[in-house]
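The values are calculated or read from the model by the stated rules, or taken from the named source; none is laboratory data. Note that the structure is a prediction, hence the values are computed from the model and not measured. Please note that ligands, DNA and RNA were not included when accessible areas were found on the heavy atoms of the full protein model with its side chains. Shrake-Rupley method; radii C 1.70, N 1.55, O 1.52, S 1.80 Å.
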Amino acid sequence: IDDGNRGDRLVVDGYDWIVRLLAEDLPVLFESRVSAIEELKEASEVLISCQDGSKYRCNKVICTVPLPVLKGLRFMPALAKRKTEAFK
């Protein structure tokens, strides 16, 4: 909300409500442990593989995870070296 005040703001009770609001009409899975994100160039899609064996095909992915979790994900093709260097 732009009330003209440019001061600091405090978000109470976490940020998850923002994601839930933005994803209101989208198929979003929470609490799914992803193990791999694979770009399927021939189909212009992304294949998400989860630790429980389930797989999901989608057009786009938003990956918002803490750095230690990001380091454990397998990306295919691999992320660019400049990106993985930023993890260190």
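With every protein chain present, what is the per residue accessible area of the chain (1.4 Å probe, Å²)?
Details: 7820 Å² over 88 residues.
Accessible area per residue: 89 Å².
Along region 50-57, what does the Karplus equation 6.51 cos²θ - 1.76 cosθ + 1.60 (θ = phi - 60°) give for ³J(HN,Hα), rounded to whole Hz, x for Gly and Pro?
9, 4, 7, x, 6, 9, 9, 9
For the chain, calculate the relative contact order in percent as a whole number, restricting contacts to Cα pairs under 8 Å that are 6 or more residues apart.
Working: 66 pairs, mean separation 18.7, N = 88.
About 21 percent, as a whole number.
Leaving out ligands, DNA and RNA, what percent of the accessible area of the chain is carbon and sulfur, probe 1.4 Å?
Values: 4270 of 7820 Å².
Looking at the chain in its full context, I get 55 percent from C and S.
At a probe size of 1.4 Å, how large is the accessible area of residue 81, to the nearest 10 Å²?
140
Enumerate the calculated ³J(HN,Hα) couplings along region 58-66 in order (Karplus 6.51 cos²θ - 1.76 cosθ + 1.60, θ = phi - 60°), each rounded to whole Hz, writing x wherever the residue is Gly or Pro.
Calculated HN-Hα couplings, in order: 8, 8, 9, 9, 10, 10, 10, 9, x Hz.
In square angstrom, rounded to the nearest 10, how much accessible surface does residue 30 have for a 1.4 Å probe?
90
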